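**Student:** Below you'll find the structure I mean.
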Amino acid sequence: MTEGRVTLERRGAVGFVTFDRPDARNAMTTAMYADLRGICEKLAEDGSVGVVVFRGAGGKAFVAGSDIAIFDGFRGGEDGIAYEAEMEGNLQALAGLPMPTIAAVEGWAVGGGLATAAACDFRIATPDSRFGVPIARTIGNCLSIFNYARLVAEFGPARTKRMLMLGDMLSADEALACGFLLDVVAAEGMDDRIQTLCDRILGNAPVTMRVSKQMIGRVHEALGLTEAEDLVAEVYGSRDFKHGVSSFRGKTKPVWEGR
């Protein structure tokens, strides 16, 4: 597998960010997360970019979560706390961009990929796209409390529990029905739909859109979130998590102990 890259291309006032590791369904490596963070920081300072499109390379996946190799060196709960804090920093850099953002999803948006799509302002997808966080039946880790909050805000508590506790993958139709997606379009129509949406955004008042985005963000912040590092440490420090990572690598079904 390649290490992968996240790249930025400018086309006029539109920035196109590509998750480029198609041989691994664009699963994110440490280097790719660093690329994403740097690109978002650069875009935040670029007043000439009016909209940013995020898309996975290869047409089979948006992002299929984090590469499992990231967890190889984990020894306990503190590693999990540091990891989730780093991931949240990456997502905050994306969510905090002053201009509108679009996630163009083709295929799988799983785990960190779903979190990345949820941090964007608008999402469009192909009919075969699937959305989920099947960690309860794969490696047995958890998310940051901010990621849980984003998923509940976008999908509602019931669907979020299905994805996180049952390991359900939601279809594009269900994601559209609950409002997570703006539109579902055929793969061959994705480029045109992206262009139409970008043109519409670029025709609107930039200050109004920027302030509205910040206002909505402050509404979410006003709801308040309690710290949850104790829960993150409990999961990442568990025997089940270590076993889950090992089983995932060995392509065997994990046998959970509950500790």
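**Student:** Can you name the residue in segment 51-83 that is more than 21 Å from the chain's Cα centre (by Cα) and within 17 Å of residue 29 (Cα to Cα) and is also surrounded by the fewest Cβ atoms within 10 Å (Cβ to Cβ) among such residues? Break it down into steps so the answer makes sense when it comes.
**Tutor:** Going residue by residue through segment 51-83, those that are more than 21 Å from the chain's Cα centre (by Cα) are 72-78.
Checking which are within 17 Å of residue 29 (Cα to Cα) leaves us with 72-74.
Details: 72: 9, 73: 7, 74: 18.
Step by step, filter segment 51-83, then rank; the result is 73.
**Student:** Something else: Of (1) in a helix (DSSP H, G or I); (2) within 23 Å of the chain's Cα centre (by Cα); (3) free of Cβ contacts under 8 Å to residues at least 60 places away in the same chain, residue 248 satisfies all except one. Which?
**Tutor:** Of everything listed in (1) in a helix (DSSP H, G or I); (2) within 23 Å of the chain's Cα centre (by Cα); (3) free of Cβ contacts under 8 Å to residues at least 60 places away in the same chain, residue 248 misses just condition (3).
**Student:** From the list 162, 150, pick out the single residue that is more than 14 Å from the chain's Cα centre (by Cα) and not polar (S, T, N, Q).
**Tutor:** On the way: 150 fails: more than 14 Å from the chain's Cα centre (by Cα).
Of the residues listed, the single one that is more than 14 Å from the chain's Cα centre (by Cα) and not polar (S, T, N, Q) is 162.
**Student:** Given the condition over 21 Å from residue 22 (Cα atoms), of a type in the set (Val, Ile, Thr) and touching a strand residue (DSSP E or B) at 6+ places or on another chain (Cβ under 7 Å), answer yes or no: does some residue in segment 140-158 qualify?
**Tutor:** Taking segment 140-158 first, the residues over 21 Å from residue 22 (Cα atoms) are 140-158.
Okay, now just the ones that are also of a type in the set (Val, Ile, Thr), so 145, 152.
Those still in the list that are touching a strand residue (DSSP E or B) at 6+ places or on another chain (Cβ under 7 Å) too: none.
For segment 140-158, residues over 21 Å from residue 22 (Cα atoms), of a type in the set (Val, Ile, Thr) and touching a strand residue (DSSP E or B) at 6+ places or on another chain (Cβ under 7 Å): absent.
**Student:** Give all pairs with beta carbons closer than 6 Å in which a residue from segment 106-119 that is touching a residue at least 40 places away in the same chain (Cβ under 8 Å) and open to solvent by 10 Å² or more (accessible area, probe 1.4 Å) meets a residue that is part of a loop (DSSP other than H, G, I, E, B) and polar (S, T, N, Q); count only pairs at least 6 apart in sequence or on separate chains.
**Tutor:** 106/126
**Student:** Can you confirm whether segment 120-135 contains a residue that is among the hydroxyl-bearing types (Ser, Thr, Tyr), open to solvent by 10 Å² or more (accessible area, probe 1.4 Å) and in contact (Cβ under 8 Å) with a residue 60 or more places away in the chain? Step through it out loud before you land on a result.
**Tutor:** Step one: list which residues in segment 120-135 are among the hydroxyl-bearing types (Ser, Thr, Tyr), which gives 126, 129.
Now narrow it down to the ones that are open to solvent by 10 Å² or more (accessible area, probe 1.4 Å): none.
No, segment 120-135 contains no residue that is among the hydroxyl-bearing types (Ser, Thr, Tyr), open to solvent by 10 Å² or more (accessible area, probe 1.4 Å) and in contact (Cβ under 8 Å) with a residue 60 or more places away in the chain.
**Student:** State all residues of segment 118-143 that are in a helix (DSSP H, G or I) and touching an Asp or Glu at 6+ places or on another chain (Cβ under 9 Å); if no residue qualifies, say none.
**Tutor:** The initial filter retains those residues of segment 118-143 that are in a helix (DSSP H, G or I), namely 118, 135-137.
The answer is 118, and nothing else.
**Student:** Test residue 159 against the criterion of being surrounded by fewer than 24 Cβ atoms within 10 Å (Cβ to Cβ) and charged (D, E, K, R), and give yes or no.
**Tutor:** Criteria met by residue 159.
**Student:** Follow-up. Could you say whether any residue in segment 127-142 is small (Gly, Ala, Ser), closer than 19 Å to residue 194 by Cα and more than 12 Å from the chain's Cα centre (by Cα)? Outline the logic, then answer.
**Tutor:** Narrowing segment 127-142 to residues small (Gly, Ala, Ser): 129, 132, 136, 140.
Keeping just the survivors that are closer than 19 Å to residue 194 by Cα gives 129.
Next, from what is left, pick out any that are more than 12 Å from the chain's Cα centre (by Cα): 129.
Among the residues of segment 127-142, at least one is small (Gly, Ala, Ser), closer than 19 Å to residue 194 by Cα and more than 12 Å from the chain's Cα centre (by Cα), which makes the answer yes.
**Student:** Need a quick list: helices (runs of 4 or more DSSP H) entirely within segment 162-244 having at least 1 residues that are open to solvent by less than 20 Å² (accessible area, probe 1.4 Å), touching a residue at least 24 places away in the same chain (Cβ under 8 Å) and basic (Lys, Arg). Reasoning before the result, please.
**Tutor:** Values: elements: 172-177, 190-202, 206-223, 229-236.
Because the criterion is at least 1 residues that are open to solvent by less than 20 Å² (accessible area, probe 1.4 Å), touching a residue at least 24 places away in the same chain (Cβ under 8 Å) and basic (Lys, Arg), no helices (runs of 4 or more DSSP H) in segment 162-244 meet it.
**Student:** Between a residue in segment 37-50 that is exposed (fewer than 12 other Cβ atoms within 10 Å of the Cβ) and any residue that is modelled with pLDDT of 95 or more and in a loop (DSSP other than H, G, I, E, B), which pairs come within a Cβ distance under 8 Å, given they are 6 or more apart or on different chains?
**Tutor:** 48/13
A quick yes/no check of all residues on (1) among the hydrophobic types (A, V, I, L, M, F, W, C); (2) touching a helix residue (DSSP H, G or I) at 6+ places or on another chain (Cβ under 7 Å):
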| position | (1), (2) |
| --- | --- |
| 2 | no, yes |
| 38 | no, no |
| 58 | no, yes |
| 75 | no, no |
| 78 | no, yes |
| 81 | yes, yes |
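**Student:** Please identify the pairs in which a residue from segment 77-104 that is more than 21 Å from residue 181 (Cα to Cα) and charged (D, E, K, R) has its Cβ atom under 8 Å from the Cβ atom of a residue that is at pLDDT 95 or above and assigned to a helix (DSSP H, G or I), counting only partners at least 6 apart or on another chain.
**Tutor:** Note: pairs meeting the criteria are 86/33.
**Student:** Now a separate question. Taking only segment 90-105 into account, find how many residues are among the polar types (S, T, N, Q) and open to solvent by less than 10 Å² (accessible area, probe 1.4 Å). It would help to see each step written out before you state the result.
**Tutor:** Filtering segment 90-105 down to residues among the polar types (S, T, N, Q) leaves 90, 92, 101.
From the residues that got through so far, the ones that are open to solvent by less than 10 Å² (accessible area, probe 1.4 Å) too are 90, 101.
Selection size over segment 90-105: 2.
The values are calculated or read from the model by the stated rules, or taken from the named source; none is laboratory data. Note that this is a predicted model, so its numbers are computed, not measured. For neighbour counting, all protein chains shown are included, and Cβ atoms are generated from backbone atoms with ideal geometry for every residue, glycine included. Heavy atoms of the whole protein, side chains included, go into the accessibility calculation; ligands, DNA and RNA do not. Shrake-Rupley method; radii C 1.70, N 1.55, O 1.52, S 1.80 Å.
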